[in-house]
Amino acid sequence: MQRPSPLGRLGSLPAPLLLAPASLWYIAFFLVPLGFVFVFSFLTSADFGGIEFKFSLDNYPQLLRSAVYLKVFANTLVMAFSGTALCLLIGFPLAYFLATRAARFKNLLLVLLIVPFWTSFLTRTYAWLILLSNNGPVSHLLQQANLLHGDLNFLYSYKAVLMGVVYNYLPLMVFPLYVSLERLDKRLLEAAKDLGAGRLGAFRRITIPLTMPGILTGCLLVFIPLMGEYVVPSILGGGKFFMIGNLIGDEFVSAHDWAFGSALGMAVIVVLLALIVLYFRVSRRASTPEMGL
Amino acid sequence: MNRIKPSDLTRRDFLVLSAAASGGLILAACGGNAAVNNAAASETPVGPMENALSIYNWDQYLSPDTLKAFQAKYPSLQVTAATYASNEDMLAKIIAGAKGYDIVVPTGYMVEIMIQKGLLLPLDKRQLANFSHVDARFRNPGYDPGSKYSVPKDWGTTGFGYRTDKVTVPMTSWKDFFDNASKYSGKVTVLDGATETVGMALKYFGYSYNSDSDQELSKAKDLLVKFKPHVGAITSTDYKANLTNGTMYYSMGWNGDFEALQGQTPAPPVKYIVPKEGSELWVDAWSILKTAPHPVAAHTFINFLLDPKIEAQEAQYTYYAQAESEAVALTPDAIKSDPIVYPTDAVLKPLETRKATAKGQKARDQIFSEFKAA
């Protein structure tokens, strides 16, 4: 008797048919809009909004015309890197705990990690606005505990935005880390110990290299959306801490310069592509750890 | 410059003008709904009324009571409302092809832009019998001669308010506003609009709110960039709350918002002023979009709103001045005798209304981007 395919009948479908739904989706809602953005970036903005079908090469040089745009790019990169680093610093010990020590609480803790996602991202961010305002509960609590004198003055700043993004993106870092730590063969750590490695040595030489794919995946999952972050800086940054996503939004919504906004969008894509290529280089090296070091 | 002045039009002139306007309308509307044009002006809607109405308005700019009364009168209408935070926001969405909205509420300069872009439907005055209540001086505004595309909703001033318990220096001018920012660093907010914020920086130097001079705009930009480190927030929606809870000490904003603060219990110690260099006098208007799916319902709604009784009720919700003397007469004393809502002529005199050119607007947008990013 022939063994049935593990997927039942689906397994016998031809590949193009399996790929069709996703392909159509991505063509209609990703490639076509991206094509618009690409084409718009070489056209001219109409007065007070809209686009004129007049070819123009002015939009890209405009990126360099004012130091301001580069500064926004730099702000965004700094925020993306520091947000990712902070997620990793907080997320790694948490994932390590979940994978190695949580025992029978493991599933419960994993569910708790997802619970915040049941509430809308926007609502949670607004909640921080209320919690952290000068008259909010956090301020009152700190004042009552005599830890704070005067105003909290936390909102509308770089640190408020950083807190907001780390809060929102942390689970995206923890899950891939958890998976790779969970899969880590504990016998390798025992072997390292037998061969005389200390705890730190084993961690540095065994745990980190073997979980590197998880680390890189987590970093990528946090870093990419962070580069396009729009909501957190506009709410917790008070409109004055500006990231590239806000600049692009403004070009379309209030400055009515769609062509330049499109050029900015393309520039972000190029920067991200460059970083992703770098990621694949690094991760290929990481997935073949050099033995005997 | 384009100040609101008592118009020279008499009532008779107005009738002639509106007859001419609706004459044009008959032609324009022929393809649509012929029945609309045959009905006499009356409060009842003419022609088959649609079954829905969609209003695209500023946030908290229409009293829920008004909406309820309208629904009670026209129960078959399904009314939906969406909101926006700035004229530019609204324009961008309409230009991007947003369909389904009937009514928008642009400020005067935006009415003019939308007329130029062909986005507005000429109003059929015969469906707006209550337009006769609108004061003569609001009937022929510079942004829409003859009120062909818009009727006034509210008018007001842009200025700033400050916490009298926190700010100890005199605050009477835009000079005070910008120069004292370093003293109250991080406690100052400006409106999230290029027109307002760049415009007030121009007023600081005594230039026109509508200046398109490169040199004057560049001085305004330098002022704003220097001012930026002291800015607490750039917001058109949160400053009321910020001033109430003391997160911020002074904020650029619109008079009605500050009037609303006075009405809170307990009222925060906030004083509103119109700076002495002058500022913006604005008129927001009801308009119907050319793409409106429910033009008869839209006319019916606007006509309903132009009823002086309803306008007086609106004033108690928005705290903005109305363009109908009859409505003002019906407004409670606390509002109509309040100089924040109805400023004296001396305060109004140096004010300007916004008149936008494509070049000047682009320059303002560019400066504002740089200000935000600085």
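The values are calculated or read from the model by the stated rules, or taken from the named source; none is laboratory data. Just so it is clear, the model here is predicted, and its values are computed rather than measured. Cβ placement follows ideal geometry from the backbone for every residue including glycine, while neighbour counts extend to all protein chains displayed. Note: areas computed on protein heavy atoms with side chains; ligands, DNA, RNA excluded. Shrake-Rupley method; radii C 1.70, N 1.55, O 1.52, S 1.80 Å.
So, residue B:221, is that one open to solvent by 40 Å² or more (accessible area, probe 1.4 Å), within 14 Å of chain A (Cβ to nearest Cβ), of a type in the set (D, E, K, R) and in contact (Cβ under 8 Å) with a residue 40 or more places away in the chain or not?
On the way: open to solvent by 40 Å² or more (accessible area, probe 1.4 Å): yes; within 14 Å of chain A (Cβ to nearest Cβ): yes; of a type in the set (D, E, K, R): yes; in contact (Cβ under 8 Å) with a residue 40 or more places away in the chain: yes.
It is true that residue B:221 is open to solvent by 40 Å² or more (accessible area, probe 1.4 Å), within 14 Å of chain A (Cβ to nearest Cβ), of a type in the set (D, E, K, R) and in contact (Cβ under 8 Å) with a residue 40 or more places away in the chain.
Residue by residue through segment B:343-374, note down the ones that are over 25 Å from residue B:115 (Cβ atoms), more than 19 Å from the chain's Cα centre (by Cα) and either more than 7 Å from chain A (Cβ to nearest Cβ) or surrounded by fewer than 21 Cβ atoms within 10 Å (Cβ to Cβ) (or both).
At the first step, the residues of segment B:343-374 found to be over 25 Å from residue B:115 (Cβ atoms) are B:343-350, B:367, B:369-374.
Filter again for more than 19 Å from the chain's Cα centre (by Cα), leaving B:344-346, B:367, B:369-374.
Those that are over 25 Å from residue B:115 (Cβ atoms), more than 19 Å from the chain's Cα centre (by Cα) and either more than 7 Å from chain A (Cβ to nearest Cβ) or surrounded by fewer than 21 Cβ atoms within 10 Å (Cβ to Cβ) (or both): B:344, B:345, B:346, B:367, B:370, B:371, B:374.
Quick check: is even one residue across segment B:304-323 farther than 22 Å from residue B:344 by Cα and free of Cβ contacts under 8 Å to residues at least 12 places away in the same chain?
no
Name the helices (runs of 4 or more DSSP H) wholly within segment A:1-96 that hold at least 1 residues that are at pLDDT 95 or above and surrounded by 15 or more Cβ atoms within 10 Å (Cβ to Cβ)? Show your work before the answer.
Numbers: elements: A:15-26, A:32-40, A:59-65.
Helices (runs of 4 or more DSSP H) meeting the threshold: A:32-40.
Exactly one condition in (1) touching a residue at least 12 places away in the same chain (Cβ under 8 Å); (2) away from every other protein chain (no Cβ under 14 Å); (3) not in a loop (DSSP other than H, G, I, E, B) is false for residue B:62; which is it?
(3)
Go through (1) more than 26 Å from residue B:185 (Cβ to Cβ); (2) of a type outside the set (Lys, Arg); (3) outside any helix (DSSP H, G or I) for residue A:133 and report which single condition fails.
Among (1) more than 26 Å from residue B:185 (Cβ to Cβ); (2) of a type outside the set (Lys, Arg); (3) outside any helix (DSSP H, G or I), the lone unmet condition for residue A:133 is (1).
I'd like the residue in segment A:187-227 that is open to solvent by 50 Å² or more (accessible area, probe 1.4 Å) and part of a loop (DSSP other than H, G, I, E, B) and, out of all such residues, is modelled with the highest pLDDT.
Ranking the candidates gives A:195 first.
Any residue that is more than 27 Å from residue B:316 (Cβ to Cβ), more than 13 Å from chain A (Cβ to nearest Cβ), within 25 Å of the chain's Cα centre (by Cα) and not basic (Lys, Arg) - is there at least one of those in segment B:155-170?
Let us first name the residues in segment B:155-170 that are more than 27 Å from residue B:316 (Cβ to Cβ), namely B:165-170.
From what's left, more than 13 Å from chain A (Cβ to nearest Cβ): B:165, B:167-170.
Still in the list and also within 25 Å of the chain's Cα centre (by Cα): none.
Looking through segment B:155-170, none of the residues is more than 27 Å from residue B:316 (Cβ to Cβ), more than 13 Å from chain A (Cβ to nearest Cβ), within 25 Å of the chain's Cα centre (by Cα) and not basic (Lys, Arg).
Can we say residue B:97 is in a loop (DSSP other than H, G, I, E, B), open to solvent by 30 Å² or more (accessible area, probe 1.4 Å) and within 14 Å of chain A (Cβ to nearest Cβ)? Let's see the steps before the verdict.
Numbers: in a loop (DSSP other than H, G, I, E, B): yes; open to solvent by 30 Å² or more (accessible area, probe 1.4 Å): yes; within 14 Å of chain A (Cβ to nearest Cβ): yes.
Spelling it out, residue B:97 is indeed in a loop (DSSP other than H, G, I, E, B), open to solvent by 30 Å² or more (accessible area, probe 1.4 Å) and within 14 Å of chain A (Cβ to nearest Cβ).
Would you check if residue A:235 is at negative phi, surrounded by fewer than 24 Cβ atoms within 10 Å (Cβ to Cβ) and within 14 Å of another protein chain (Cβ to nearest Cβ)?
The answer is yes for residue A:235.
Looking only at segment B:138-153, decide whether some residue is aromatic (Phe, Trp, Tyr) and closer than 26 Å to residue A:153 by Cβ. Give the derivation first.
Quick first cut of segment B:138-153, residues aromatic (Phe, Trp, Tyr) only: B:138, B:143, B:149.
Those still in the list that are closer than 26 Å to residue A:153 by Cβ too: none.
No, segment B:138-153 contains no residue that is aromatic (Phe, Trp, Tyr) and closer than 26 Å to residue A:153 by Cβ.
Conditions first: (1) under 18 Å from residue B:208 (Cβ atoms); (2) open to solvent by 20 Å² or more (accessible area, probe 1.4 Å). Residue B:332 passes all but one, so which condition is the exception?
It fails just one condition, (1).
Quick one: is residue A:247 buried (at least 22 other Cβ atoms within 10 Å of the Cβ) and part of a helix (DSSP H, G or I)?
Working: buried (at least 22 other Cβ atoms within 10 Å of the Cβ): yes; part of a helix (DSSP H, G or I): yes.
Criteria met by residue A:247.
Conditions first: (1) in contact with a strand residue (DSSP E or B) (Cβ under 8 Å, 6 or more places away or on another chain); (2) surrounded by fewer than 17 Cβ atoms within 10 Å (Cβ to Cβ). Residue B:119 passes all but one, so which condition is the exception?
Condition (2) is where residue B:119 drops out.
Residues being open to solvent by less than 40 Å² (accessible area, probe 1.4 Å) and either modelled with pLDDT of 95 or more or over 26 Å from residue B:93 (Cβ atoms) (or both): count how many of those fall in segment B:130-141.
Total meeting the criteria: 6.
Does segment A:272-281 contain at least one residue that is among the basic types (Lys, Arg) and without any contact (Cβ under 8 Å) to a residue 24 or more places away in the chain? Quick ask: steps written out before the conclusion?
Within segment A:272-281, the subset among the basic types (Lys, Arg) is A:281.
Right, trim to without any contact (Cβ under 8 Å) to a residue 24 or more places away in the chain and you get A:281.
Yes.
Determine which single condition residue B:198 fails, assuming it passes every other condition in (1) crowded, with 19+ Cβ neighbours inside 10 Å; (2) within 11 Å of chain A (Cβ to nearest Cβ); (3) of a type in the set (Val, Ile, Thr).
Of the numbered conditions (1) crowded, with 19+ Cβ neighbours inside 10 Å; (2) within 11 Å of chain A (Cβ to nearest Cβ); (3) of a type in the set (Val, Ile, Thr), the odd one out for residue B:198 is (2).
Collect the residues in segment B:154-182 that are of a type in the set (Lys, Arg) and touching a Ser or Thr at 6+ places or on another chain (Cβ under 9 Å), keeping them in residue-number order. Reasoning before the result, please.
At the first step, the residues of segment B:154-182 found to be of a type in the set (Lys, Arg) are B:163, B:166, B:175.
The answer is none; no residue qualifies.
Listed here are the residues, each with its yes/no results for (1) among the basic types (Lys, Arg); (2) touching a Ser or Thr at 6+ places or on another chain (Cβ under 8 Å); (3) modelled with pLDDT of 50 or more.
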position	(1), (2), (3)
B:3	yes, yes, no
B:45	no, yes, no
B:63	no, yes, yes
B:70	no, no, yes
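When you look at residue B:150, is it of a type in the set (Ser, Thr, Tyr) and either crowded, with 24+ Cβ neighbours inside 10 Å or touching a Phe, Trp or Tyr at 6+ places or on another chain (Cβ under 8 Å) (or both), yes or no? First the steps, then the outcome.
Details: of a type in the set (Ser, Thr, Tyr): yes; either crowded, with 24+ Cβ neighbours inside 10 Å or touching a Phe, Trp or Tyr at 6+ places or on another chain (Cβ under 8 Å) (or both): yes.
Yes.
Would you check if residue B:272 is more than 19 Å from residue B:144 (Cβ to Cβ), hydroxyl-bearing (Ser, Thr, Tyr) and surrounded by fewer than 19 Cβ atoms within 10 Å (Cβ to Cβ)?
Working: more than 19 Å from residue B:144 (Cβ to Cβ): yes; hydroxyl-bearing (Ser, Thr, Tyr): yes; surrounded by fewer than 19 Cβ atoms within 10 Å (Cβ to Cβ): no.
No; evaluated as a whole, the condition is false for this residue.
Filter segment A:121-140 down to the residues that are over 30 Å from residue A:96 (Cβ atoms) and either open to solvent by 30 Å² or more (accessible area, probe 1.4 Å) or at pLDDT 90 or above (or both) and list them by number. Talk me through it step by step, then tell me what you get.
Kept after step one, since they are over 30 Å from residue A:96 (Cβ atoms), are these residues of segment A:121-140: A:122-123, A:126, A:129-130, A:133-137, A:139-140.
Passing the criteria: A:122, A:123, A:126, A:130, A:135, A:137, A:140.
Filter segment A:139-152 down to residues that are touching a helix residue (DSSP H, G or I) at 6+ places or on another chain (Cβ under 9 Å) and either of a type in the set (Lys, Arg) or more than 18 Å from residue B:244 (Cβ to Cβ) (or both), then give me how many there are.
4
Restricting attention to segment B:254-294, which residues are in contact with an Asp or Glu (Cβ under 6 Å, 6 or more places away or on another chain) and either over 29 Å from residue B:116 (Cα atoms) or among the hydroxyl-bearing types (Ser, Thr, Tyr) (or both)?
Scanning segment B:254-294 gives a single hit, B:269.
All but one of (1) part of a loop (DSSP other than H, G, I, E, B); (2) at negative phi hold for residue B:72, so report the exception by its number.
(1)
From B:206, B:159, B:193, grab the single residue that is surrounded by fewer than 16 Cβ atoms within 10 Å (Cβ to Cβ) and either closer than 30 Å to residue B:136 by Cβ or touching a residue at least 60 places away in the same chain (Cβ under 8 Å) (or both).
Numbers: B:159 fails: surrounded by fewer than 16 Cβ atoms within 10 Å (Cβ to Cβ); B:193 fails: surrounded by fewer than 16 Cβ atoms within 10 Å (Cβ to Cβ).
Step by step, each of B:206, B:159, B:193 is checked, and only B:206 is surrounded by fewer than 16 Cβ atoms within 10 Å (Cβ to Cβ) and either closer than 30 Å to residue B:136 by Cβ or touching a residue at least 60 places away in the same chain (Cβ under 8 Å) (or both).
Please determine, by comparing only the residues of segment A:246-259 that are closer than 20 Å to residue B:231 by Cβ and more than 7 Å from chain B (Cβ to nearest Cβ), which one is farthest from the chain's Cα centre (by Cα).
Selected residue: A:249.
If we keep just the residues of segment B:82-91 that are touching a Gly at 6+ places or on another chain (Cβ under 8 Å) and open to solvent by 10 Å² or more (accessible area, probe 1.4 Å), which is nearest to the other protein chains (Cβ to nearest Cβ)? Walk me through it before giving the result.
Kept after step one, since they are touching a Gly at 6+ places or on another chain (Cβ under 8 Å), are these residues of segment B:82-91: B:86-88, B:91.
From the residues that got through so far, the ones that are open to solvent by 10 Å² or more (accessible area, probe 1.4 Å) too are B:86, B:88.
Numbers: B:86: 6, B:88: 4 Å.
Going through the qualifying residues, I end up with B:88.
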